[in-house]
Every structure is written in C-alpha cells, then in structure tokens.
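The values are calculated or read from the model by the stated rules, or taken from the named source; none is laboratory data. Given the structure is predicted, the values throughout are model-derived calculations rather than measurements. Note that each Cβ is placed from the backbone with ideal geometry, even for glycine, and that neighbours are counted across all protein chains shown. Note: areas computed on protein heavy atoms with side chains; ligands, DNA, RNA excluded. Shrake-Rupley method; radii C 1.70, N 1.55, O 1.52, S 1.80 Å.
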Amino acid sequence: SLLGSARAKEAAVDFDSQISDLASNAKSRLVVLNGEQYPSYCFCIKLYKEGKKYYIKKGYFNESAVMYTEQTLKPGDDVSVVSKYIFVEGENANDDKGIGISGKVKIKYEAPSQAETEITEDGIYIIFNRSGRCISGNGVYHFYKKSNNANIANVTINKNGSHQSK
C-alpha cells in the first residue's frame, strides 16, 4: 500500500518537473529542427497511456499546420510538415515513447468546467506559447493509486502558465 502511494506521488513529481521544463523552454528557447529556427512553433508534451503505463513525450506544436495529427520527423527530414504535433525521432527515451510512469498509477485529467476523464492512448497535449502561457492542456491532473483508487496527488496547470502540485 505504501509503495503504491509512493509511486503515485513520484509520478506527480515527475510530471510537475516536466511541466517546469516545458514552461522554461517555451519562454527561453526557440524551436530548432534540423539546424533551423522555427519561431512560430511552440514546445509541447503529450501525456498518454500505452498498455498499462503512462508516458510523457516531448515535442513541438505547429500552430500554422492544417491537420490535427502527429508526425514523427527523422533527423534530416524536410520540416515542411502539415501536422500540428511534431515529435523528432531520438529526442525521447524508451524508444521514443518518452519518460515512463509506473503502471501502478492511474492518471485522470480534469479540464476547466468538465468532468475528469482517464488519460488514454490518445493522450493530452500540453502546449506553452512563447510568452509562457498554457494554450492547451490546462486543468487538474489527478494521480491515483491504481490498487484502490485513492487520490494521492494533483498537479494543476493554469492558463497563465503557473502550476502547482498538491
């Protein structure tokens, strides 16, 4: 029981740390793909579930793209993409799945004015723009012990870019 609680708390701390990195990158760096700067792109992460585990995958958001799809770029690929969400091969751990979170945890997302829903394979994209505002994915992320559904921790991301863990 204590181990499950510790894993849920650790997952929330890891997630909050990734949000801090995302916010910092969004305000201090330009997106660079294949050696070229793309000032209209934003940094993003995707929180998603694959099998029994959750993953946090780093990527980029192409606001001017036409299609709400994901695209994986290989180093050296042409960056004239049409997908909103871009992930670069080799930039994420675990064979490009991202940072893994224990399968002993259940994560739910509660968007403003909506009921909480469990994170699935489709995932949630969290996007910060260059001014440090969260333009997608703001709300409360609830971390539960999978064994008994006890809520162990919450991470709140505000539209203004601030975030806190409880």
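Hey, can you tell me all the residues within the stretch 64-113 that are farther than 30 Å from residue 150 by Cβ and among the β-branched types (Val, Ile, Thr)? Selection gives 66, 69, 72, 79, 81, 82, 86, 88. Residue count for the stretch 55-71 satisfying the condition of being surrounded by 15 or more Cβ atoms within 10 Å (Cβ to Cβ) and out of contact with any Ser or Thr (no Cβ under 8 Å at 6 or more places or on another chain): 6.
Among the conditions (1) open to solvent by less than 70 Å² (accessible area, probe 1.4 Å); (2) over 19 Å from residue 23 (Cα atoms); (3) in contact with a strand residue (DSSP E or B) (Cβ under 9 Å, 6 or more places away or on another chain), residue 122 misses just one, which is (1). Pairs linking a residue in the stretch 26-44 that is of a type in the set (Phe, Trp, Tyr) to a residue that is in a strand (DSSP E or B) and open to solvent by 80 Å² or more (accessible area, probe 1.4 Å), with Cβ atoms under 8 Å and 6 or more positions apart or on different chains, are 43/58.
Picking from residues in the stretch 118-150 that are among the basic types (Lys, Arg) and assigned to a loop (DSSP other than H, G, I, E, B), the one that is farthest from residue 41 (Cα to Cα) is 146.
All told, residue 97 meets the bar of being under 14 Å from the mean Cα position of the chain (by Cα), of a type in the set (D, E, K, R) and open to solvent by 50 Å² or more (accessible area, probe 1.4 Å). Looking only at the stretch 10-20, decide whether some residue is assigned to a strand (DSSP E or B) and either crowded, with 18+ Cβ neighbours inside 10 Å or under 19 Å from the mean Cα position of the chain (by Cα) (or both). Checking the stretch 10-20: not a single residue is assigned to a strand (DSSP E or B) and either crowded, with 18+ Cβ neighbours inside 10 Å or under 19 Å from the mean Cα position of the chain (by Cα) (or both). State yes or no: is residue 104 open to solvent by 30 Å² or more (accessible area, probe 1.4 Å), modelled with pLDDT of 95 or more and of a type in the set (Lys, Arg)? Criteria not met by residue 104.
Where residues in the stretch 72-94 are in a strand (DSSP E or B) and among the β-branched types (Val, Ile, Thr), which of them is most open to solvent (accessible area, probe 1.4 Å)? Lay out the reasoning, then the answer.
At the first step, the residues of the stretch 72-94 found to be in a strand (DSSP E or B) are 72-73, 83-88.
Retained after the next criterion (residues that are among the β-branched types (Val, Ile, Thr)): 72, 86, 88.
On the way: 72: 78, 86: 0, 88: 19 Å².
So the residue we want is 72.
From the list 153, 115, the lone residue that is part of a loop (DSSP other than H, G, I, E, B) and of a type in the set (A, V, I, L, M, F, W, C) is 115. Please determine, by comparing only the residues of the stretch 125-145 that are of a type in the set (Lys, Arg) and surrounded by fewer than 20 Cβ atoms within 10 Å (Cβ to Cβ), which one is modelled with the lowest pLDDT. Residue satisfying both the conditions and the ranking: 130.
Residues in the stretch 21-54 that are more than 24 Å from residue 82 (Cβ to Cβ), open to solvent by less than 30 Å² (accessible area, probe 1.4 Å) and assigned to a helix (DSSP H, G or I): 23 alone.
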